[in-house]
Every structure is written in C-alpha cells, then in structure tokens.
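K.L.:
I'd like to ask you about the structure that follows.
The values are calculated or read from the model by the stated rules, or taken from the named source; none is laboratory data. Everything quoted here is computed from the prediction, not taken from an experiment. Here the Cβ is made from the backbone with ideal geometry for all residues, glycine too, and neighbour counts use every protein chain on show.
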Amino acid sequence: MEKKVLLAEDQPEFGAGFELALTMSPADVVYIVRDSGIKGRGGAGFPTGIKWNLAGAASSDVKYVICNADEGEPGTFKDRILLEKYSERLIEGMAIGGYAIGSSHGIIYLRAEYPYLIPAIEEARKNMIDRGLLGKNIRGKGFDFDVEIRTGSGAYICGEETALIESLEGRSGFPRNKPPFPVNSGYLNKPTIVNNVETFCAVPHIILGGSEWYADLGIGDCSGTKLFSISGDVEKPGVYELPLGAPLKDLLELAGAKDIQAVQVGGASGRTIRATEIHRSLSYDDLPPGGSVIVFDSTVNMLDVLENFMEFFVHESCGQCAPCREGTLQLMNAVEDLISGDICSEESLNSYFRLAEVMRITSKCGLGQTAVNCFVDIINNFVDFTGECVSGECCCERGDQ
Amino acid sequence: MLRNPEEIVADGIREFGNGRERLMQLLTKVNEELSWIPTTAIEAIAKATGISVAEVYSVVSFYSFFSTEPRGRNIVRLCSTISCVMTGQDEILKALMDEFGIEPFGTTDDGRLTIETTPCIGLCDQAPAMLVNGEPHVKLTPEKACEIVRGLG
Amino acid sequence: MHNISIRINGQPHSIREGSTILEACTEVGIEVPTLCHHPKVNISGNCRICVVEVEGWNTLAPACVTPIIPNMIVRTHSPRVIESRKVVANLLLAAHNCDCMVCDTAGICELQDLAYDLGIDSRSRLFDNFESLEKVDDSSPVLKYDPSKCIMCTRCVKACRDIQGKGIIAVLNRGADMRVGTGVNLLDISDCDGCGECVQICPTGALSAKFSMGVRSWEVEKIRTSCSYCGVGCQLDMWVHDNKLVKVEGSDIIPNYGSTCVKGRYGHTFIDSDDRLKTPLIKRNGEFTEATWAETISYIAEKIGKIRDEHGPDAIAGLSSARVTNEENYLFQKMMRAAVGTNNVDHCARLCHASTVAGLAAAFGSGAMTNSIAELEYAKCILVTGSNTTETHPVIATIIKRAVREHGAKLIVVDPRRIDLVDHATLWLRQKNGTDVAWMNGLMNVIISENLQDEEYISERTEDFEAVRKIVERFTPEMVEEITTIPAEKIREAARIFATAEVSSIVYSMGITQHITGTDNVLSTANLAMLTGNVGKPSGGVNPLRGQNNVQGACDLGALPNVYPGYQKVADPASQEKFEKAWGRKLSPDNGLTVVEIINSLESGKVKGLIIMGENPMVSDPNLNHAEKALESAEFLVVCDIFLTETAEKADVVLPAASFAEKEGTFTNTERRVILLRKFLDAPGKAIPDWKIICDLSTSFGYPMSYANPAEIMDEIASVTPIYGGIRHSRIQEIGLQWPCPDDTHPGTVYLHEGVFKRGKGKFHPVDFIPPAENPDEEYPFILSTGRILFHYHTGSMSRRVSALNEYVSGGYAEIHPTDVDRLGLVDGGPVSISTRRGQIETTVRSTEMVAIGSVFVPFHFAEAAANRLTNDALDPKAKIPELKVAACQVARIQ
C-alpha cells in the first residue's frame, strides 16, 4: 500500500533537514545517509552513502554536486512531479550533499523536454536564498552553496552520469570509460556526486527522521520508499509512492490495472513480465525499480511494443561503442523480420540471442547492456512461434497450426 | 525581427562566458531564439570558445533538439513512445500532417511550423502528449492537437 | 609504483601497478586483439574487441582501459571472450563495405586481419550486411573519406585534434548515423591541410590517399629515408614498386614519430616528372644540346681552367646547396678549396640563417639550435617569433601545439602576421616589421626592473651582463610601444610569463634573421635566454629553425666562405695547416665571397666563372632584377640540378643530378641530427648523384677524387671535423646522431651548453635598436614582407611539379588586409600590382586579416610573380644576410 514520505501531504518545512544537517559534522551527515541504506533512485541502485563518502574523502578545493534531472526512461515521470512541487526539497537535498562532501557548487541538469519546470525550480532557489539557505556562509557555518540550472538537448544517454558530465562540459554525451569514477574525477575533472532528483529529495527526510526510521520504511532488506510512474492500460495512471520491496501487484491495484497481459518494470531498459509474475517485488534484487511501470492489456501486440522500444534504442544509442551502435540496429532488424514473418522460430533467432548476450556483457554503458532486456523478455515471454510465416520465404520449417 | 546569429552568440558569451563547459548553453540559446543553429553561429561560437568548428558541429549534430537545418518558428514535438502510441498518437500525427501538409521533421513553406516526433517526454500519465515550443499539451485528440497548432503565431 | 600480483590465463604474474590489463598482457607476451586502440592517441575503449573475462565481474572488461587490481583473475581467451569478439567483429563486418578485393588497404587492414584471426568467413557471418554506400568525400586534393569503410574507432579524430592540434574532423551525429567529418563543409573547403595523419592512423580503408597506389600492399618494398623538404628531417617510409614511389608513410621514430606534412606525404611525385634532367646539356649558340658526360666534364675543365689561368682562382666561385647531402657539401667545398683554390664557396644559408651562425656563435660559441625538437613539448613557455611554424616546419608546430594543449605550456607569439599559432597562444604581440631588437630589449627592461632575472645563472655562467643592463634601461615598455606598436602592457605580460616559467624556450626563424639587424636580433634572443637562465637546460634554449632539409649540414660541412668543415676558421692558420695536410694542397688564407657578394662580383667582373649545385638564385635571391643581370654577365656558368630551373636556363652547362630518392648520404636536420638518406629509386637517364659529379669535376680540375660510396666520404668528414668525429653511416642506420659527437662511442648531444658554454662563458652583447633599411614613405606606403607557405617549397622547382600541391595553391598572391583591399578598390582574387624601388610584379589579391593594415605579404615560391624582384638586398654588415623581410612598396590596381 502507499506510504507517502516524499509526496506526503503533511511534510516537514523545506530546509528543516538542511538546518539540522548544518548542526552535524559533514562526516556524520554522510554516515546517516550511508546507514539509511538508500540506493540511487535513478535505477542503477548504487548506495548513495558510499558515493558521498568517496567524494567526501577525495581531496580537492572544488567539488560538484550534480542533480540528474534528465529523466528520460520511457514511461518515467516521477521526477517531473517532484520538480513541479518539491524543488525546494531537491535543492535542500543537494545542499546537504554539498555540505557532506565539501562542495559549494550544485548543478541541476534538466532534460530539454521539461523547460516549463524551470520557473518552479528558479522560484525554489529564490526562496532558499531569501531564507538564507543558499549563498555565502550559510547560517554562519562558513559553508557556501548555490545551484545552477543547465539543460540537455534531447539525448537519453545523458541520463548516464558520465555522459551527463560530458554534456555539461560542452561535449557530445558519450559515456566515459570508468575508472576514474566521478567521485574522484567528474565534472571538470573534479570530485563530483551525481544523484537522481528523487534521491536528493529523500535526503532531508533521512536527516530529519534518522537512518533507522528510513531503513524501516522499506520491506525486507529494502530501505525507504520509492516513487513509481505508472501508465499504459491502467485506470489511474500517475505517480505512487510505495515502500521499496513492495509487490508489483500492490502498485497495479492502486493504479487500477484490470486486464494485464504484460507489465514492463523499469522502462524500456527494464524487465517485461507476464501477468503471472506480478507477485514479484519492486526491489533491486528482483524487479529493478527505475521508476517506470507500463501495463499492457491483452489487446496489445507485444511485437509492436518491442518495435517501439527498439526504435527508441536505435535512436538513442550514442554510437561510440560497437556492440551498442551496431547491435541495436541489428536487433531492430530482427524485430522487423519478426513482424514481417521473415523469422518464425526461436532457433532462427539464435544469432540475435547471441548478440543480445554479447551486448549485455560488452557494451560500454548501461544503455547497451540493458537495451537487450525488452528484446529477450518480450520474445521469450510473449512471442508465440506458431510457425505462421507471413512472407512464406523464411528459412525455418513451417509447423501446422 | 530575428537577430543575427553572431549577435546572439556575442550575447551568450556575455551571459555565460566562453569556457568550453558553456557550449551547451550557447547552443541552446541560439537554437531557442532561431529554432535552429546556422553555420554562422557555429563558426562564431567556435571562434569565441576556441573549440574547432568541426567539434562544435559535432556537438550540435549529437543532440536531437538542435538542428543544423532551418526549422519553423513554432516547433511541435509529438511523443512517439509507447504510452502515447497506445493512446492514439498515430491518429494525432496523421491529423497534423494532413492539416499542415508536412511530414515529421518537415517545415511548412511559410516557416511557421515544424513537426517532429520525439521519444518519451515524461507525460505518460496524461497521454497522448506533445510539447509545443516547450509547453506541454496533454490528453490530446486529433481535433484538440490541430486546434492548438492552428492557434500558433 | 610497485608491482601487484594478478593471474592471467592461470599463470601468476607480478605487474606494475597502474598498468591496464592490455599492458599487462603485452608485458607477459599474451596477444589480445585490438581495433580502436593505438599507442599514439588517447584510448577510447570503443571497439570492445579487446574484452577479457575478469573473475567475479558480471560484464567483460575492455583490456585497453581497465586497470589491473590486486589478485585480479583474467582470462583473455575463454569461450565467452572468443564468442564476444566474434559477435562484435560480425557486427562491424555487417556495417562495413567489404570490398576488400578492390581496396587499397587490403593486406594492411586491421579489420581484415581481425576477421582472418577470428576465422569469420561469409558463410559464418551472423548478420545481414547493412553497409550504406554513402558518398565518398574525395573533395580534398590528397585524401578521401569513405564512410562505408569507417568503423568509428575515432583514431583519426584524435590524431587530427591531439597529435596535429587541428581538430578539422570530428565525430558527427550519433548512434548508427555516426560519421567522421568536418561538419560544416566537405574536406576541400575546410581548413584541412592534407597532412594525412588521419590516413596513416586509420585501421581500415575509410581514410585513404586519394590516388590509388595501383599495386597491392604486399607487392611493395618499404625503404626508410629522410624527407627532402624542410629542416625537420622527418623520417619517411617510401613504398616502392617497380622503380616507382607509390606511397609515403611517416616513420614511427624520432623526430616525427609518424607525422608528416602534406609535402612530405603527398609532395614527392616530382621525382618522376617527365621534365627531369636526364642528360648533360651544353649551350651552343644559345641552344642547349645534349652531350655525353665525358665531353661535358672536359668542356667544363677547359673553361674553368682558362678562367683560373687568366684571372686566378678567386675569379671562380661555387654555390653549394642546402638541398644536397652532407657528403656532397663536403666534397663541393673541398673541390672549391683544394681543386680550384678559392674560398669563394657559399650557399643559401647566407639568405636564411647567416645571422644565426654569426650571432649565436658570438654569444654561445655555437650557431645551431641549442635544444632538440622533442624537448619543445615539455617547455613551460615557448616564445615563437619570426616563424610561421605551422607552414614552414609543420611537424614542429604540432609539437608546440601539444606543449600548449597537453602539457599546459604558455605560448607567446611575436609576429606582424596573425599566423596560425596565434590561435593557440596565450599572448600575441604584433610588432611593426623590423623592430625586433626594441621589443626584446623591452622584455629585458621589464624583467630587470621587476627583478625577475636569474642572478645566479648570470653571475656564474655569463659575462658582460652590465652592458646589456645599461642599454635596456632606456627601453621602457612605453618607449617600446612607440617603436613597435605593441601595447606596453603586453610587453610587461610577456616578460613576466617568459621570465617566471620553469623553463622557457625561444623559437625563431627568418623573421628574426633576414634583416639588416639580423645578427643584432639573434644576439637579443641570446641575451633574453641567458638573462632568464634558459640556456643549457632541457626544453629551454634558443632554437633557430633551419629552413632547408640540409641547411644545417651544408653549414656544418664548410660550404661557407670563412670556415672549413666544423666551423674551423679559414683565417686561423692552424686550421689552414690542418686542412692543407689532410687534403694535400696549399689552401687560400683569404676568406671567400658570400652569396650576395658573388652576385655583385659577377656584375663587376671580379668573378667570372660560377658553379652552382642545386640552388636557384634566379628565384631565391633578393633584388632579382639585379641578380638576373649578374648571372647573365657570368663568363661561364655551370648548374647542376634535377630540373631545368630558372637559373639553369641561364647556364652554359647543365648537369643532370640524381634526386634525394636516387642516392645515399646524410642530411643534418635543424636539431643537429645527422640522418640517413637511402636510395629507393634508380635515377632517370644519365643523371648521377652530385657527389659523383663533383668527383669527376675535381679530377678534371687536376685534383683527383674517388670514393666508393658516401659512407666512405663520411669517414673522411669524421677525420677532419671534430663535431662529426663519431658520425658513421653504420651508427645511424636506425636513428640519427646529434652533433657534437666527437668520437665513435659518443652518444651525441641532445642539448648544448650544459654546465658550460661552448665558448666558456655565455656572452651578453648590448644591442641598440636600428630601424630597417627602408621604411614606408609617401611614394612607397606599404610594408612588404616575404616568406614561405605550407603547400610550396622554396623556389617551387619540386613542389610546383606536384599536382596535388598545386590544387591547394597554384600560383602567387599577395596577402592584403581587407581594409586596404577596399580602400584601393581591389578585389579579393583579382589582379594587383606590387612595386618597390627595385622592381614590380603582378599577382593576385588575397584579402585577409592575417596581415596588418598597411602591410603586404608575398610568398616567394612563384617565379612568375617573384617576390624577390621586390625585396631589398641591403645587407646585415656582420652576417651579410639581406633584409628580405622588410621593404617599402606600392600596391596598385591593374586596370
């Protein structure tokens, strides 16, 4: 069931978490975040506290706190809601991050598709300045912090943190080789933390509620709550906040999913499961909860869905590494052949499954590694190879209906 | 009256500085003001920032929202991802194409309008959706979409 | 860095921490295939061919970018790894235009090799071919880009940007649409200058030479030799098939490490021009007639003998050449001195660096680059003045750019023109032509008044500093601004940067030397370098860039009227005695005539016979109208060359020489490195190497000369030339040796004056400012300057026979500022007349902000619009170098 923290009606005052953090040592702030067990809310799930700890330990006069507001995963819109209504909470979280790692520079990298959110963010910043929570020597603690809004320009790959940094540095969004990691050498080669909007928004709550309180919000080993954007064939699409680790079916019930053929969790790069699997949990150990959940009812041809997603990846692959650049194109080709009936058995798809596995293990970044998920899942779970060759020219043996 | 590209770039340099890390801001400024990024702007930015012309062009060509071809003064970006497709995006696109006589990524002869399709714009809860000059329009029908576009300057 | 333990393929290894997996594998002899990786450029980690399995990791690791960590367990050829490499290679092949049968790169293509190694034949291909047969960009005169063969390794982009410092090409678009390109333009109208670095580094046939080799890569023989164009001394691998040069690659060794310029890579087709001289020619009744070598040699002997008998040996003079080998220069001056009996031997160094030799010898004791080319990359401040390095020494310019880009050096450019290096400079000082002493004194004034000089160095290693301190006192930045027009504040800023950098290097060329104050200018550079303690240490020094491939060697080997080989003075009786003993002839004790003096003496009749080997004074000398008259008045003129040059046309006898391609020997590049020249083609017709011609001539003059080969000549050079004492052909087969190299075990000298100057103490010379000989006035209101451009070379006898170079620039032009172009009613690309008190030319306007308002620049390569008809032959009194860089001129419309 819903457990509203970030989206709670009745919330602590903006800035309260930051004010409290300022009474602690930066190291203590890092420990609280670490002990809360919060993992990156963008989807990759890297423990936020460890990230902050590494960046805090890196020695440099200048460090950066970057908010990844390049929410581009198909089906995801949770950060839009947060930016619309909770920008002050976001900036507060960034300021806490800055205090924790010793950085005075915050940058919000906002996707170009959300320009209409800029006024809300700017107003939040202004409010924070007016209240003395941004600027020089905040609350007399000798700590300076401010944030700047920068925008992308239509490139999904810039949600990958090193591609985002490249973009901020005035380059094409080609993900970097790692190591070095941004915590040691990020924006302008300075130690940098990059966290998702939702992660930063959660931080003030963690500071105020304590790490134990936050950890206990989740189910099982999971910490905290998580926002999910749900759309597709549901009655009440929208953003829901649930304990992390909750079963998928809870979310589906909330959104009013009635006729379920398939559910895609985690967006185009996530997993696509059958209705029989909706008891599975939304957690980093089971169905990686990027933020997007799309429901497909029984009328949907899942090959069309797959085609839409593969088109997306062909469009969005940055192109620098060979497996992803050429591989997405080949998988797209396979999907078109499936649709036209030129491929009509799993066996004849063999080379594409080989390709999918190689893309998963050799691509440079998460895009190429996960672009194969929808291909593998949809074909394995939803394509019924009945042997109906539409073109009549395919290479496989034709079975009888 | 549209300002000339060099003027916009000079303005951008004053506003943001000429460091390499300001390139996206400079390009965005030109792109928003002119709807596209002409060669003269690329050359002016290259000169001001010390980045080579080819490298500036390379960045422009990487990002979908930048264009090196002239576009209309109004840009419609219709979401082409699954939640919008499932709710009737194709009829909307067809209606727009029929009414305004252009293909996706085409520009009307009078330079008033460019229609593009774009991956998920994060409005899936209110699909189908589009951005018109950056402003969101949701729960579209073919009629509603055409009416909005008709009303543009 | 200590070693850490890892296991590769089951075997334990101890590898240096910080190594990548690829480096570790290479170290222990395990071959991991790569495609995008190249040692010369930053690693991209893009092709994913070098992936390996690391135990415990979910995904495979690209070996090229993954650092080793303790106890890492690596498998380089596990089934998962092999499967991945095969699938990725299949992907690349599916996107590749596999026209291997008609591809010039077949046999040397890295993708082809990979497919072969992985055994991917057409039957086992996994994917349909997708290659797009998109249009080839063949708009460049020298190279072409075929996107259908590009595997997006991005080596070329990095080579262009990081090695060459140009950034002409970049990665365009994204994903499957990715391409390499210039973006705004095709290659032809981009700033691509055709250096071909991208072609050499391309692993496939995507970037290739525009013209096919016409033979398969396995049918060629590769012979390493030295470039015959400029003084950088690039090492080149000549690909030869059937006595034809089919391709040139930069050798991956010092000094160029694979780089070349457009001339080095694509500018050697002149070798098999139809109009090569193939037989001796004797002019009878005004017409050249073909003759045999025997009759020609005896004809020369008779004529020269007659002049010597009637007017004495000093009525004969010889112009040796900066284009021919060390061995030939040695023999030529030996012939003039021992066989003819005169010291009247000089060469075109007189017109370029005579003032360097005079100035630096006086200040330091040695007149050459103090430091080496490679050291420039690590200088913290580089002051470039009077050198348009990008065009005249292209490969050195790439090193200067790398010093700035990669190592954070500060570059100060002092030049009246807005040269390419200005784009890379921290500071550009635009001085008025011919005011170099003033700005250098100004820099020193600031350094001393702000107490930034190196007192310890000055007191321990130099002498006569007080005189300089005194003279620069007057040269306050404000006073200097008045003379030079450089803002005083920039003088101060430059002085501070230069003086406070950890190590500063001065690089200069003709803009400093070709003035009536050339020697003074050079002395000023020496003063500035010593004042800041920058001579005698790595990456510092005073570095005159020598223009021609062997101008350094021609000077070293005594093709100068006042010194024997190794700068042993003619005026020194001990030297005279030494050479008399070595050569077995009585030698003249009198210094001979210099180039301009020889020309003047021809006119006055003091010199009657002239032997010219490989020079073209009819284009290269100042005040050509005068030089032309002088050459015409010679009683007997012999010219030895590879083409019938403008000068050869005036000759009585023309001797056909072998080109650099057709002979052996050595050149000495600008950094004093003696480098080997290897024969890779047979000479056309009856042409023979100059050294053989000299031997025959000398023998006919009654002084027999005979050598089995140039190596034997070098042995003789070593025996009489202390700085070349240890130079032997056998020692320089791989890389050259830098003089001084006194004996057979000496490793050569990377930089000069370490610990102590050649002359003992470095000597400061107070220098006052003297204005140029000719200044603009009402009648001749413009300042004219001349020089070289990238695409042509010297008098054009080689480069203008190369069609690709002519495609870049086909004829002469005058750079004029757009303001002047408008004011005078000229048209860009239209005709213009330029005249001085000495002559007039008609040429084409190039409207450009490269030059200042009121200035004109004319390249001197083009005989039909010869800049040297305009130039001033006023001489520097010490070095006798003419003032080629400043003249007053008129610019006028042609109706």
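K.L.:
A:Ala356 - would you say it is at the interface with chain C (Cβ under 9 Å from one of its Cβ atoms) and modelled with pLDDT of 95 or more? Walk me through it before giving the result.
P.N.:
Working: at the interface with chain C (Cβ under 9 Å from one of its Cβ atoms): no; modelled with pLDDT of 95 or more: yes.
Here the answer is no, as A:Ala356 does not meet what is asked.
Residues are listed down the side, and each one gets a yes or a no for (1) part of a loop (DSSP other than H, G, I, E, B); (2) away from chain B (no Cβ under 14 Å); (3) under 30 Å from A:Pro237 (Cα atoms):
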{"site": "A:Ile81", "(1), (2), (3)": "no, no, yes"}
{"site": "A:Glu88", "(1), (2), (3)": "no, yes, yes"}
{"site": "A:Ile91", "(1), (2), (3)": "no, yes, yes"}
{"site": "A:Ile96", "(1), (2), (3)": "no, yes, no"}
{"site": "A:Glu113", "(1), (2), (3)": "yes, no, yes"}
{"site": "A:Leu117", "(1), (2), (3)": "no, no, yes"}
{"site": "A:Ile121", "(1), (2), (3)": "no, yes, yes"}
{"site": "A:Lys126", "(1), (2), (3)": "no, yes, no"}
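K.L.:
Something else now. Is one or more of the residues making up the stretch B:2-23 within 30 Å of B:Glu147 (Cβ to Cβ) and more than 13 Å from the chain's Cα centre (by Cα)? Walk me through it before giving the result.
P.N.:
Within the stretch B:2-23, the subset within 30 Å of B:Glu147 (Cβ to Cβ) is B:2.
Checking the rest, the ones that are also more than 13 Å from the chain's Cα centre (by Cα) come to B:2.
Yes, because at least one residue in the stretch B:2-23 is within 30 Å of B:Glu147 (Cβ to Cβ) and more than 13 Å from the chain's Cα centre (by Cα).
K.L.:
So, in the stretch A:220-236, exactly how many residues are away from chain B (no Cβ under 14 Å) and surrounded by fewer than 19 Cβ atoms within 10 Å (Cβ to Cβ)? Step through it out loud before you land on a result.
P.N.:
From the stretch A:220-236, those away from chain B (no Cβ under 14 Å) are A:220-226; that's our starting set.
Imposing the further condition that a residue be surrounded by fewer than 19 Cβ atoms within 10 Å (Cβ to Cβ) reduces the set to A:220-221.
Qualifying residue count, the stretch A:220-236: 2.
K.L.:
Related question: Which one is nearest to the other protein chains (Cβ to nearest Cβ), of the residues in the stretch C:180-192 that are buried (at least 22 other Cβ atoms within 10 Å of the Cβ) and not hydrophobic (A, V, I, L, M, F, W, C)?
P.N.:
Ranking the candidates gives C:Gly183 first.
K.L.:
Pairs, please: C-beta under 6 Å, at least 6 apart or cross-chain, first residue facing another protein chain (nearest Cβ under 10 Å) and in the stretch C:162-174, second surrounded by 24 or more Cβ atoms within 10 Å (Cβ to Cβ) and aromatic (Phe, Trp, Tyr)?
P.N.:
Filtered contacts from the stretch C:162-174: C:Arg174/B:Phe62.
K.L.:
Given the structure, is A:Lys249 surrounded by fewer than 24 Cβ atoms within 10 Å (Cβ to Cβ), among the charged types (D, E, K, R) and under 21 Å from B:Val85 (Cα atoms)?
P.N.:
Taking the combined requirement at face value, the residue does not satisfy it.
K.L.:
For the stretch A:183-200, which positions are in contact with a strand residue (DSSP E or B) (Cβ under 7 Å, 6 or more places away or on another chain) and either aromatic (Phe, Trp, Tyr) or crowded, with 24+ Cβ neighbours inside 10 Å (or both)?
P.N.:
If the condition is that a residue be in contact with a strand residue (DSSP E or B) (Cβ under 7 Å, 6 or more places away or on another chain) and either aromatic (Phe, Trp, Tyr) or crowded, with 24+ Cβ neighbours inside 10 Å (or both), then A:Gly186, A:Tyr187, A:Thr192, A:Ile193, A:Val194, A:Asn195, A:Asn196, A:Val197, A:Glu198, A:Phe200 are the ones that fit.
K.L.:
Determine which single condition C:Thr154 fails, assuming it passes every other condition in (1) on the phi > 0 side of the Ramachandran plot; (2) away from every other protein chain (no Cβ under 14 Å).
P.N.:
Going through the list (1) on the phi > 0 side of the Ramachandran plot; (2) away from every other protein chain (no Cβ under 14 Å), C:Thr154 breaks only (2).
K.L.:
Moving to a separate point now. If the requirement is being within 27 Å of A:Ala163 (Cα to Cα), of a type outside the set (Val, Ile, Thr), surrounded by fewer than 21 Cβ atoms within 10 Å (Cβ to Cβ) and touching a residue at least 24 places away in the same chain (Cβ under 8 Å), which of these qualifies: A:Gly327, A:Gly341, A:Gly366?
P.N.:
From the options A:Gly327, A:Gly341, A:Gly366, the qualifying one is A:Gly366.
K.L.:
Mind counting the residues in the stretch A:315-369 that are aliphatic (A, V, I, L, M), closer than 19 Å to C:Glu83 by Cβ and in contact with a helix residue (DSSP H, G or I) (Cβ under 6 Å, 6 or more places away or on another chain)?
P.N.:
7
K.L.:
Inside the stretch C:541-590, can you point out the residues that are of a type in the set (Asp, Glu) and either surrounded by fewer than 22 Cβ atoms within 10 Å (Cβ to Cβ) or more than 23 Å from C:Leu737 (Cβ to Cβ) (or both)? First the steps, then the outcome.
P.N.:
Step one: of the stretch C:541-590, the residues of a type in the set (Asp, Glu) are C:556, C:572, C:577, C:580, C:590.
Scanning the stretch C:541-590 gives C:Asp572, C:Glu577, C:Glu580, C:Asp590.
K.L.:
Which of the residues spanning the stretch B:37-51 are more than 19 Å from the chain's Cα centre (by Cα) and not charged (D, E, K, R)?
P.N.:
If the condition is that a residue be more than 19 Å from the chain's Cα centre (by Cα) and not charged (D, E, K, R), then B:Ala44, B:Ile45, B:Ala46, B:Ala48, B:Thr49, B:Gly50, B:Ile51 are the ones that fit.
K.L.:
Out of the stretch A:336-346, which residues are within 14 Å of chain C (Cβ to nearest Cβ) and more than 20 Å from A:Glu326 (Cα to Cα)?
P.N.:
A:Ser340, A:Asp342
K.L.:
Picking from C:Ile201, C:Ile223, which residue would you name as being under 19 Å from C:Ala159 (Cα atoms) and at pLDDT 95 or above?
P.N.:
Sole residue among the options that is under 19 Å from C:Ala159 (Cα atoms) and at pLDDT 95 or above: C:Ile201.
K.L.:
Of the residues B:Glu91, B:Glu69, B:Glu43, only one is acidic (Asp, Glu), modelled with pLDDT under 95 and outside the structural domain of B:Asn18 (by TED's automatic domain parsing); which?
P.N.:
B:Glu69
K.L.:
Further question: Considering only the stretch C:377-389, state which residues are crowded, with 24+ Cβ neighbours inside 10 Å and at negative phi.
P.N.:
Residues satisfying the conditions are C:Ala379, C:Cys381, C:Ile382, C:Leu383, C:Val384, C:Ser387, C:Asn388, C:Thr389.
K.L.:
Check C:Cys103 against each of (1) within 32 Å of the chain's Cα centre (by Cα); (2) surrounded by 19 or more Cβ atoms within 10 Å (Cβ to Cβ) and name the one condition it does not meet.
P.N.:
Single failed check for C:Cys103: (1).
K.L.:
May I ask you to say which residue of A:Ile96, A:Ile50, A:Ile121 is in the same structural domain as A:Val30 (by TED's automatic domain parsing) and either in contact (Cβ under 8 Å) with a residue 40 or more places away in the chain or not β-branched (Val, Ile, Thr) (or both)?
P.N.:
A:Ile96
K.L.:
Residues A:Pro47, A:Pro12: which one is under 24 Å from A:Cys222 (Cβ atoms) and in contact with a His (Cβ under 8 Å, 6 or more places away or on another chain)?
P.N.:
The unique qualifying residue is A:Pro12.
K.L.:
Turning to a different aspect of this structure: Report, by residue number, each residue of the stretch A:287-303 that is surrounded by fewer than 24 Cβ atoms within 10 Å (Cβ to Cβ) and more than 8 Å from every other protein chain (Cβ to nearest Cβ).
P.N.:
A:Leu287, A:Pro288, A:Asp297, A:Ser298, A:Thr299, A:Asn301, A:Met302, A:Leu303, listed by residue number.
K.L.:
Right, here's the next one. Could you check the stretch C:583-674 for strands (runs of 3 or more DSSP E) lying wholly inside it with 2 or more residues that are under 26 Å from C:Tyr299 (Cβ atoms)?
P.N.:
By residue number, C:609-613, C:636-641, C:653-656.
K.L.:
Out of everything in the stretch A:131-190 that is away from chain B (no Cβ under 14 Å), aromatic (Phe, Trp, Tyr) and assigned to a loop (DSSP other than H, G, I, E, B), what residue ends up being nearest to A:Ile118 (Cα to Cα)?
P.N.:
A:Phe143
K.L.:
Looking at the stretch B:83-112 only, could you name the residues that are part of a loop (DSSP other than H, G, I, E, B) and either within 30 Å of A:Leu303 (Cβ to Cβ) or touching a Pro at 6+ places or on another chain (Cβ under 9 Å) (or both)?
P.N.:
Once the filter is applied, which keeps residues that are part of a loop (DSSP other than H, G, I, E, B) and either within 30 Å of A:Leu303 (Cβ to Cβ) or touching a Pro at 6+ places or on another chain (Cβ under 9 Å) (or both), the stretch B:83-112 yields B:Thr87, B:Gly88, B:Ile102, B:Glu103, B:Pro104, B:Phe105, B:Gly111.
K.L.:
Pick out the one residue from C:Glu55, C:Glu27, C:Glu83 that is surrounded by fewer than 20 Cβ atoms within 10 Å (Cβ to Cβ), within 11 Å of chain A (Cβ to nearest Cβ), acidic (Asp, Glu) and over 24 Å from C:Arg161 (Cβ atoms).
P.N.:
Of C:Glu55, C:Glu27, C:Glu83, the one residue that is surrounded by fewer than 20 Cβ atoms within 10 Å (Cβ to Cβ), within 11 Å of chain A (Cβ to nearest Cβ), acidic (Asp, Glu) and over 24 Å from C:Arg161 (Cβ atoms) is C:Glu83.
K.L.:
Let me ask you something else. Across the stretch B:115-142, which residue is farthest from the other protein chains (Cβ to nearest Cβ) among those that are touching a Phe, Trp or Tyr at 6+ places or on another chain (Cβ under 7 Å) and not hydrophobic (A, V, I, L, M, F, W, C)?
P.N.:
B:Glu116
Here is a yes/no grid of residues against (1) under 27 Å from C:Thr296 (Cβ atoms); (2) of a type in the set (A, V, I, L, M):
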position: C:Arg673; (1), (2): no, no
position: C:Pro689; (1), (2): yes, no
position: C:Lys692; (1), (2): yes, no
position: C:Leu697; (1), (2): yes, yes
position: C:Tyr703; (1), (2): yes, no
position: C:Gly725; (1), (2): no, no
position: C:His729; (1), (2): no, no
